[in-house]
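Only one structure is covered here, and it is reproduced in the block below.
The values are calculated or read from the model by the stated rules, or taken from the named source; none is laboratory data. Keep in mind that what you see is a predicted model, and the values were worked out from it rather than measured. Using ideal geometry, Cβ is built from the backbone for each residue, glycine included, and neighbour counts are taken over all protein chains shown. Note: accessible area is taken over every heavy atom of the protein model, side chains too, but ligands, DNA and RNA are not part of it. Shrake-Rupley method; radii C 1.70, N 1.55, O 1.52, S 1.80 Å.
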Amino acid sequence: MQRIGVFVCHCGTNIAATVDVARVVEAAAKEPGVVHAEDYQYMCSEAGQLKIREAIKEKNLTGIVVCSCSPRMHENTFRQAAERAGINPYMVEIANIREHCSWIHKDIEEATEKAVILARAAIAKVTLNAPLQAGTSRVVKRALVIGGGIAGIQTALDIADAGYEVDIVEKTPSIGGRMSQLDKTFPTLDCSACILTPKMVEAAAHDKITIYTYSEVEKVSGFVGDFQVDIRKKARSVDMSKCTGCGVCQEKCPSKKTPNEFNRGLNNRSAIYTPFAQAIPNVPVIDRESCIKFKTGKCGVCAKVCQAGAIDYEQKDEIVTQNYGAIVVATGFDTIKLDKFDEYSYSTSPDVITSLELERIMNAAGPTKGHLERMSDHKAPKSMVFIQCVGSRCADKRGKSYCSKICCMYTAKHAMLIRDKYPDVEVTVFYIDVRTPGKNFDEFYRRAVEEYGVNYIKGQVGKVAEKGDKLLVQGVDLIDNKRILMETDMVVLATAIEPNPDVRKIATMLTASIDTNNFLTESHAKLRPVESPTAGIFLSGVCQGPKDIPETVAQAGAAAVKVVGLLAKDHLVTNPCVAKSDELLCNGCSSCEKVCPYGAISYEEREVNDHGIRETRRVANVNSALCQGCGACTVACPSGAMDLQGFSNRQILAEVDAICK
Amino acid sequence: MHRTEQEQAELIKEISGVNTKKCMKCGKCSASCPAYEEMDIRPHQFVSYVQNADVKALLESKSIWKCLSCFACVERCPRDVKPAKLIEAVRLMVIRERGGNYLTPGEVPELLDEELPQQLLASAFRKYSK
């Protein structure tokens, strides 16, 4: 029989204000096996832990129940306290009487009754607990970063600088991401490429960093410390070892009618292309869907003009398999599609553009060589209207519920830059709220208004209509309570951002959780902001939530530190609460193998001794390093052979019985 | 039956099914409204007037007879507030208190006007004959 000690925590008033802790102690003391019960103001404090250690020694306790907060908070604290007093840490059970009880109830009677029941269930469970030994698993000293934008680049650089190997996998032909598409950056107005390209070059030149561009993660297996990842290197049709990046192939390519993704479709590109001049690697790819050679078999101009003989039409996709200790997701964002916002005439008028398109128009390497002009007739605008919150802060299905966070600042930036370079252009910004929390941000916005004369009007625009070669903007000035009907030459929509649509696929492969907006979920909103709840998966940049460049870089560094902290370990302690199969009960049906999401179960022919009968049977075998203790197999098993250590069927049923008593 | 303004405001919310707290005061309803210039109290103000229980002003407002029920505000509101339904509810309240319909089918032909969009008449008939 176990000798059980029960410790009830007040958690200040968090628990004690709603739960009568003295009554919980009294009730727990009457349970079978309980030889000690007491309460204390803060069990997690040094003094509280000492009480547990002393009680273990004085009363020879073999099992501990702590009635306190969620095990996510302090299970480890109490396990360590128990271990220091000489008992197995897995002989500790937590009854969560805070999150599951005091915080959600108002009535003291009800809450106390529930706390007693929760304590009883934990006591019933610990009665059946058995000591468990944690094992160890290896740590592969290499990290994978998915996404080669500023988030991924910064994370990779910081990990590599700490001395660990890092691979970056980037879907497009070059690293650089969204930041490479931007012209200037707020609030200092430095040129985006000027501050980004040195980092791209540094990453490419770093001896610890390997960059896979035009590549995608295809399969992920394994677990924290030892993930196995298949990376598909899509066929570039250009031999990277031979290409000199001279660019002649792109000039001579006769197929030049493909919308240029980098310029957001504002102009066209050739079928063989590098996305932008500073691309890394500076090696083009052939877009096989646009290439005449691939479509008709005739052409081959690029191969003829290539002095280096680098064009390879026969090249095939290649799968690289590599092991990693940690994986960082840095998949970034895109702007939402505007097909549901017809009132702004985006799909009908070429002079209604998104802010990201304006970045390309303003950029010297963009479709207009940096000259501000309308896409319809290439005339310089005399008046421009900016509309904020297009698709952000929407309660309806058309847009996103969240604030995209970056739009207020980049709109102020655009307005300011245009007024600076083209002082004769009238600039009007329609806003709902101007949100500028950030260092030097509000000052920046005020400068746009006060020094550059940008006209800010409070009120969302109702409609933009084409009127001759002009655009008619219909809105209200909510401060003046006046209708505004304004003719303008260009309208710029501050379009909501959303996580890169590929993130769902990646999150599924990594078993990392995502929220309803497809942002990856952090382990704790405040205290673990760069870690996914899935061990070994880390988050960097906008894939976790809207953020600007300074925040992205800060978060990228934080994710890198977490990765380094993991890779620096010689080995990891594994969770001993894993599945175990009883070979004498196993009927070899494979049900468990089919439901296991971690590939931890395999079948083997094994000689068993069933009550003196020796025979070879096909039985399940659990790889305890791969098993995450989810329990799916224990439910699937029809013969009751599969059980989860620390959460056995007997223990769970004992808890249920105790609750229903 | 006499109701306080607070009770009337609650009734308007109940009839319309509108939760005025959802409004983020962006003004897109007024910005979309084709009858904006004709109104003394504008669509976005309807939301805050009901929220603040300033119902008397709404009952006396000429805006309730200027709303075309075109539902542009309902379509475009990013917060799904449905201001036109509020206006409709205020109209209903006035009509009910008058104790009769404002418009009968017999009156429609004499109101026909070349200049008038037919939709206006159709929606006027609908809203005045509740």
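Got at least one residue in the stretch A:483-495 being in the same structural domain as A:Ser383 (by TED's automatic domain parsing) and part of a loop (DSSP other than H, G, I, E, B)? Checking the stretch A:483-495: at least one residue is in the same structural domain as A:Ser383 (by TED's automatic domain parsing) and part of a loop (DSSP other than H, G, I, E, B).
For the stretch A:291-305, which positions are surrounded by fewer than 17 Cβ atoms within 10 Å (Cβ to Cβ), under 43 Å from the mean Cα position of the chain (by Cα) and in a loop (DSSP other than H, G, I, E, B)? A:Gly297, A:Gly300, listed by residue number. Is there any pair linking a residue in the stretch A:110-133 that is more than 16 Å from A:Glu75 (Cβ to Cβ) to one that is open to solvent by 40 Å² or more (accessible area, probe 1.4 Å) and in a helix (DSSP H, G or I), with Cβ under 6 Å and at least six apart or on different chains, and which? What qualifies is A:Thr112/A:Arg23; A:Ile117/A:Ile659; A:Ala124/A:Glu655; A:Leu128/A:Arg650.
Anything in the stretch B:50-88 that is over 16 Å from A:Ala395 (Cβ atoms), buried (at least 20 other Cβ atoms within 10 Å of the Cβ) and within 13 Å of another protein chain (Cβ to nearest Cβ)? List them, or say none. Of everything in the stretch B:50-88, those that are over 16 Å from A:Ala395 (Cβ atoms), buried (at least 20 other Cβ atoms within 10 Å of the Cβ) and within 13 Å of another protein chain (Cβ to nearest Cβ) turn out to be B:Ser63, B:Ala72.
Within the stretch A:387-408, being over 17 Å from A:Phe333 (Cα atoms), hydrophobic (A, V, I, L, M, F, W, C) and surrounded by fewer than 24 Cβ atoms within 10 Å (Cβ to Cβ) holds for A:Cys394, A:Ala395. For beta carbons closer than 6 Å, sequence separation of 6+ or different chains, a first residue in the stretch A:419-431 that is among the acidic types (Asp, Glu) and a second that is open to solvent by less than 90 Å² (accessible area, probe 1.4 Å), the qualifying pairs are A:Glu426/A:Ser383. Test A:Leu566 against the stated conditions and say whether it is under 30 Å from A:Ile168 (Cβ atoms), touching a strand residue (DSSP E or B) at 6+ places or on another chain (Cβ under 6 Å) and not small (Gly, Ala, Ser). Criteria met by A:Leu566. Of all residues in the stretch A:330-345, those that are at positive phi have Cβ atoms under 9 Å from Cβ atoms of residues that are part of a loop (DSSP other than H, G, I, E, B), 6 or more apart or on another chain, in A:Gly332/A:Gly147; A:Gly332/A:Gly149; A:Gly332/A:Gly177; A:Gly332/A:Asn500; A:Ser345/A:Asp351. When the stretch A:473-482 is limited to residues that are surrounded by fewer than 18 Cβ atoms within 10 Å (Cβ to Cβ) and at the interface with another protein chain (Cβ under 9 Å from one of its Cβ atoms), the one that is modelled with the highest pLDDT turns out to be A:Asp477. No other residue among A:Val201, A:Val217 is outside the structural domain of A:Arg360 (by TED's automatic domain parsing) and open to solvent by less than 30 Å² (accessible area, probe 1.4 Å) apart from A:Val217.
Restricting attention to strands (runs of 3 or more DSSP E) lying wholly within the stretch A:165-270, give those where 2 or more residues are among the basic types (Lys, Arg). Per the criteria, A:226-233. Applying the criterion of at least 1 residues that are open to solvent by 40 Å² or more (accessible area, probe 1.4 Å) to the strands (runs of 3 or more DSSP E) found wholly in the stretch A:89-156 leaves A:136-138, A:142-146.
If you go through the stretch A:423-452 and keep only what is over 30 Å from A:Thr552 (Cα atoms) and open to solvent by 40 Å² or more (accessible area, probe 1.4 Å), you end up with A:Pro423, A:Asp424, A:Glu426.
May I ask you to list pairs of residues, at least six apart or on different chains, whose Cβ atoms are under 7 Å apart, with the first in the stretch A:447-464 being within 11 Å of chain B (Cβ to nearest Cβ) and the second being aromatic (Phe, Trp, Tyr)? If the second residue must be aromatic (Phe, Trp, Tyr), the pairs left are A:Ile457/A:Phe430; A:Lys458/A:Tyr431; A:Gly459/A:Phe430; A:Gln460/A:Phe430; A:Val461/A:Phe430; A:Val464/A:Tyr344.
Within the stretch A:306-348, if we keep just the residues that are of a type in the set (S, T, N, Q) and out of contact with any Ser or Thr (no Cβ under 7 Å at 6 or more places or on another chain), the residue that is most open to solvent (accessible area, probe 1.4 Å) turns out to be A:Gln307.
When the stretch A:429-438 is filtered for residues that are among the β-branched types (Val, Ile, Thr), under 32 Å from the mean Cα position of the chain (by Cα) and either within 14 Å of another protein chain (Cβ to nearest Cβ) or not in a loop (DSSP other than H, G, I, E, B) (or both), the ones remaining, listed by number, are A:Ile432, A:Val434. Exactly one residue out of A:Ile64, A:Ile56, A:Ile52, A:Ile15 is among the β-branched types (Val, Ile, Thr) and either without any contact (Cβ under 8 Å) to a residue 40 or more places away in the chain or assigned to a strand (DSSP E or B) (or both): that is A:Ile64. Among the conditions (1) part of a strand (DSSP E or B); (2) touching a helix residue (DSSP H, G or I) at 6+ places or on another chain (Cβ under 7 Å), A:Asn518 misses just one, which is (1).
For (1) crowded, with 17+ Cβ neighbours inside 10 Å; (2) not aliphatic (A, V, I, L, M), each residue gets a yes or a no:
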| residue | (1), (2) |
| --- | --- |
| A:Glu604 | no, yes |
| A:Val622 | yes, no |
| A:Ser639 | no, yes |
| A:Gln645 | yes, yes |
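Look at the stretch A:381-407: where a residue is facing chain B (nearest Cβ under 8 Å) and more than 30 Å from A:Gly453 (Cα to Cα) and a partner is small (Gly, Ala, Ser) and buried (at least 17 other Cβ atoms within 10 Å of the Cβ), sitting 6+ places away or on another chain with Cβ atoms under 9 Å, you get A:Arg398/A:Gly391; A:Gly399/A:Gly391; A:Gly399/A:Ser392; A:Gly399/A:Ala496. Within the option set A:Thr488, A:Thr495, A:Thr534, being buried (at least 19 other Cβ atoms within 10 Å of the Cβ), more than 14 Å from every other protein chain (Cβ to nearest Cβ) and over 25 Å from A:Leu566 (Cβ atoms) holds for one residue only, A:Thr488. Only one of the numbered conditions (1) among the hydroxyl-bearing types (Ser, Thr, Tyr); (2) within 13 Å of chain A (Cβ to nearest Cβ); (3) open to solvent by 30 Å² or more (accessible area, probe 1.4 Å) is violated by B:Tyr36, and that is (3).
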